[in-house]
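K.L.:
Sharing a structure, written as structure tokens. Questions coming.
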Amino acid sequence: MFKLTMGKNKRPKSYYVQLAKKQKSYHNVLSPGLTGFLCTCNDRERECVLEAYNILNEYADQMYGKEVIPDMNVVDEGKSSEAIQDSTEEQPDNSKPETEKDGKSSPSQQKQEEIEGANDSDEEFSSLDAAIKADVEELQKESEKKHRHLRRFGQVATGAKNYVFIRSTLEDPLPLSLTIMDDILKLQRQKTKKLIRMIPVQATCKGFQDDIVKTVKNLCESYFREKGESFYIAIKVRNNSSVERESLKTSLITAVSEAHSANTPELKDPEVVVNIDVIKNVCCISLLPGYFTKYCKYNLLSLGNKKENGKSAPKNEDSKSEVSEREVEPK
């Protein structure tokens, strides 16, 4: 009876395999402490990612210079040479033959000792070579993981359909986003087809009200340091049923108003929009200037069709492709 109960409670091997995979791929999942770009598409996520990489790398190279990727081979060779040197220093010198009492070896002993010394040196060399190869392989794996995180842009999974997050090493992705949109407005030409909106995300945190309010306060302290502006709170929630929108909105209005005495809520034409995107258990926070006016809700397709007088062209295909959102629009 005891064996049967133990067998029922024992987890299968596949459970631990999947758990290990989740732990290894944690850095590729949307999590707190990231900056980047939240992109929307319409059932073409792969094409959306490629377009996001192309447009981000194009303008980032112009603004910050071309990305310098460390040469992993040079780093690994340097580390492997140090490992070789350390390992050779640790190896004892067993090649010296034993001497007789008078300090000299007989010819027969010398031949035997030479043969034994050669065999020992071959074994030591092969074991040393295998150890060096193992160390080099381990260093290469660690270097690949490290350099993958150091890349300027990289995709992470969001857990929501039609939403792609491009992680970035930039401290503030907003200037890059504004440069891209200003250029699209100037050229009046669409640069993407599957990538619809690209929201710069200045911070991510856990999807709880206290964490969201605390992170927004920290961002507002630096953003509204010089002057106050009119603002609007836009909250969108996806795959999360625990966030109370009205309570969160009231707390955020209070937090932003306290950041600067001149900050005032505005529904029609706010100067900046505090954009809150809650996706599962993670919240993406953005402070977006010109959201409803100049930059058409950061819709790259609409910006390419915008007229010179500042009004957008009549909606046609773009209105059908826009992803539906749970957002309260200003009246």
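Laboratory data are not the source of any read-out in this text; all were calculated from the coordinates shown. Since the model is a prediction, treat every value here as computed from it, not as a measurement. Positions of Cβ are generated from backbone atoms using ideal geometry, with glycine treated the same way; all protein chains shown enter the neighbour counts.
K.L.:
How big is the stretch 166-223 in terms of Cα radius of gyration and Dmax, in angstroms?
P.N.:
14.6, 43
K.L.:
Residue by residue through the stretch 171-177, what is 3J(HN,Hα) from phi via Karplus (6.51 cos²θ - 1.76 cosθ + 1.60, θ = phi - 60°)? Round to whole Hz and write x for glycine and proline.
P.N.:
Calculated HN-Hα couplings, in order: 5, 9, x, 4, x, 5, 5 Hz.
K.L.:
Go through 233-246, 195-208 and give me the packing order, highest mean Cβ count within 10 Å leading. Write down the numbers at each step before the final one.
P.N.:
On the way: 233-246: 15.4, 195-208: 21.8.
Highest to lowest by the protection proxy: 195-208, 233-246.
K.L.:
Here is a follow-up. Can you tell me how much longer the chain between Leu34 and Lys133 gets when fully stretched, taken as 0.36 nm per residue apart minus their C-alpha distance, in nm with one decimal?
P.N.:
Numbers: separation 99, 0.36 × 99 = 35.64 nm, distance 3.55 nm.
Roughly 32.1 nm would be gained on extension.
K.L.:
What does the charge count around Thr204 come to, taking other residues whose C-beta lies under 12 Å from its C-beta (Lys +1, Arg +1, Asp -1, Glu -1)? Write down the numbers at each step before the final one.
P.N.:
Values: positive: Arg167, Lys206, Lys280; negative: Asp211, Asp277.
In short, +1.
K.L.:
Hey, another quick one. Quick one: Karplus J couplings for the stretch 296-302, per residue in order, coefficients 6.51, -1.76, 1.60, θ = phi - 60°, nearest Hz, x for Gly and Pro?
P.N.:
6, 6, 6, 8, 5, 6, 5
K.L.:
Sorting check: for 63-69, 185-191, 152-158, which peptide has the highest mean count of neighbouring beta carbons within 10 Å, and how do the rest follow?
P.N.:
Going by the mean number of other Cβ atoms within 10 Å, highest first, we get 152-158, 185-191, 63-69.
K.L.:
Still on this structure, please answer the following. If each Cα of the stretch 157-313 is one equal point scatterer, what is log10 of I(q)/I(0) from the Debye formula at q = 0.09 Å⁻¹?
P.N.:
One equal scatterer on each Cα of the stretch 157-313 leads to -0.30.
K.L.:
In whole Hz, with x marking every Gly and Pro, tabulate ³J(HN,Hα) for the stretch 181-197 from phi via Karplus 6.51 cos²θ - 1.76 cosθ + 1.60, θ = phi - 60°.
P.N.:
5, 4, 5, 5, 5, 5, 7, 6, 9, 6, 9, 9, 10, 8, 7, 9, 10
K.L.:
In addition: Considering amide H positions built from the backbone, and no H for Pro or chain starts, which residues 5 or more places from Ser230, or on another chain, come under 5 Å of its amide H?
P.N.:
Thr264, Glu271, Val272
K.L.:
Within the stretch 250-290, list the residues whose amide N lies under 13 Å from a label point set 7 Å along Cα→Cβ of Asp172.
P.N.:
287-289
K.L.:
Rounded, prolate or oblate, given the Cα gyration tensor of the stretch 235-304, with a/c below 1.5 counting as rounded? Intermediate results must be reported in sequence, preceding the final value.
P.N.:
Values: a/c = 2.40, a/b = 1.10, b/c = 2.18.
It is oblate, given that a/c is not under 1.5 and a/b is not larger than b/c.
K.L.:
On to the next question. For the ranges 284-296, 38-50, what's the packing order if you count other beta-carbon atoms within 10 Å of each residue, average per peptide, and put the highest first? Could you put the intermediate results ahead of the total?
P.N.:
Working: 284-296: 19.9, 38-50: 18.4.
Highest-to-lowest ranking by the protection proxy: 284-296, 38-50.
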